[in-house]
1. With respect to the numbered conditions (1) part of a helix (DSSP H, G or I); (2) closer than 16 Å to ALA383 by Cβ, which one is the sole condition not fulfilled by LEU297?
2. How about the stretch 343-372: which of its residues are open to solvent by less than 30 Å² (accessible area, probe 1.4 Å), among the aliphatic types (A, V, I, L, M) and in a loop (DSSP other than H, G, I, E, B)?
3. Which residues, counting only those in the stretch 3-24, are exposed (fewer than 15 other Cβ atoms within 10 Å of the Cβ) and touching a strand residue (DSSP E or B) at 6+ places or on another chain (Cβ under 8 Å)?
4. Among the residues of the stretch 138-158, count how many are more than 16 Å from the ligand (Cβ to nearest atom), touching a strand residue (DSSP E or B) at 6+ places or on another chain (Cβ under 9 Å) and of a type in the set (D, E, K, R).
5. If you scan the stretch 99-129, which residues turn out to be open to solvent by less than 60 Å² (accessible area, probe 1.4 Å), under 27 Å from VAL326 (Cα atoms), more than 16 Å from the ligand (Cβ to nearest atom) and assigned to a helix (DSSP H, G or I)?
6. Would you check if there is a residue in the stretch 234-255 being away from the ligand (no atom under 16 Å from the Cβ), within 23 Å of MET342 (Cβ to Cβ) and not aliphatic (A, V, I, L, M)?
7. Residue under question is GLY290, and the condition is that it be open to solvent by less than 10 Å² (accessible area, probe 1.4 Å), within 16 Å of the ligand (Cβ to nearest atom), under 20 Å from the mean Cα position of the chain (by Cα) and on the phi > 0 side of the Ramachandran plot; does it hold?
8. Just to be sure I understand the filter: pairs with C-beta atoms under 6 Å, separated by 6 or more residues or on different chains, first member in the stretch 25-37 and charged (D, E, K, R), second member loosely packed, with under 15 Cβ neighbours inside 10 Å. Which pairs pass?
Amino acid sequence: MLDLIVRNASLPDGRKGLDIAVQDGRIVAVMPAVDAEAAREIDAAGRLVAPPFVDSHFHMDSTLSLGQPRLNESGTLLEGIALWGELKPHLTVESIKARALELCRWSIARGTLAIRSHVDVCDDRLLAVSALLEVREEIKPWIDLQLVAFPQDGYLRSPTAVDNLKRALDMGVDLVGGIPHFERTMGDGAASVRVLCELAAERGLRVDMHCDESDDPLSRHVETLAAEAKRLGLEGRVTGSHLTSMHSMDNYYASKLIPLIAEAGLHAVPNPLINITLQGRHDSYPKRRGMTRVKELMAAGVNVAFGHDCIMDPWYSLGSHDMLEVASMGLHVAQMTGIAEMRQAFDAVTANGATVMGLEDYGLEPGCHADFVVLQAADPVEALRLKPARLFVVRRGHVIAETPPVASRLALDGEELSVDFSRTVQ
Ligand code: FE2
């Protein structure tokens, strides 16, 4: 007797008509017509079953704080940073935890079961670190949460950040972060990248830096980050987040930079919803898009994942942790409307994010964790188009969230009819 069988699933890679058999929290078979019984069966009825959504770049300490102590009037990055500075003195462990756990419940309902969150270490009390370490433990049965020690006010610029960042790592934060473009000079930025990568290498930790998050075509910190990853043998363990300045860089320089990024095994995590709204603010017209060169990085073999970054916080008033919304914005901004490109956009919020986070046993093969989402859509492209209901969210073989199928009914001239947005295109 198996624990769970999902019948007649379509997989993101295009395979159809498969049953997924689950025992003891693991997938034990993916094949047509599994001849066995299970304690629970789910009929996917040909719908898409995908591995869980992964948000590889998020800020859980600030999420759902919108309006505290006031709204971001201009909607800009710099007013957002100033606003977060105003809120910080009023934070408590309890309030941070309550907001973070509420967000995690949203994530689970949306099928997002792995999150890498940056946590600001520029508050000497390290309240957010304490709170999110507790959240990481409490939410562990349902969400893989990784924490990055993030010096929001600058590692060298903020007087106590060097000490605070080390303390955060000692407390158990998983990764080393940074914000080189926010240091006072290009030189300080490069120095911060070097010191932080050395710190990560010493401690055997991964690195995830906010890097070149500006429209400055001459920002060069991702170059330093890639060079340091190579120098310190950190290939495959370093992520450059945002990388928005790459949008504005000279094409010759980009043609030299992208191979270096690939050689260094850097992961790239743009955040489409935030990049498109916060960048290009000094432009009149035409306005730059402010998202990094996604297609060119992917073509060079760089692992690119999309992050949500912010939800209802000082920087972004919107969002519900739907990673399909992120992927949809990413494919629009990057003009990834080719057939293969749309599937790559889906991968950018699933498998590629898992690669960024180094998640083990992620996927829909026998032996993987029995973690997956049944969507009210036939395939990844329809999922991107409809952002459909997550009918079942399964973690380690247990259904942890259900959403009924969405159906609309029309009443036109007394005649009632239902509207089905699904439309299969071969
Ligand atoms: Fe961020």
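1. The one condition LEU297 does not meet is (2).
2. Scanning the stretch 343-372 gives ALA348, VAL349, LEU364, ALA370.
3. The initial filter retains those residues of the stretch 3-24 that are exposed (fewer than 15 other Cβ atoms within 10 Å of the Cβ), namely 13-17, 24.
Once the filter is applied, which keeps residues that are exposed (fewer than 15 other Cβ atoms within 10 Å of the Cβ) and touching a strand residue (DSSP E or B) at 6+ places or on another chain (Cβ under 8 Å), the stretch 3-24 yields LYS16, GLY17, ASP24.
4. So the count comes out to 1.
5. ARG99, LEU101, CYS104, SER107, ILE108, ALA109, VAL129
6. The answer is yes; a qualifying residue exists.
7. Values: open to solvent by less than 10 Å² (accessible area, probe 1.4 Å): yes; within 16 Å of the ligand (Cβ to nearest atom): yes; under 20 Å from the mean Cα position of the chain (by Cα): yes; on the phi > 0 side of the Ramachandran plot: yes.
In short, yes.
8. These pairs meet every condition: GLU37/MET1.
The values are calculated or read from the model by the stated rules, or taken from the named source; none is laboratory data. Bear in mind that the values here come from a model prediction, so they are computed numbers and not experimental data. Counting neighbours? That spans all protein chains shown, and the Cβs are built from the backbone with ideal geometry, glycine included. Just the protein is used for accessible areas: all its heavy atoms, side chains included, with ligands, DNA and RNA removed. Shrake-Rupley method; radii C 1.70, N 1.55, O 1.52, S 1.80 Å.
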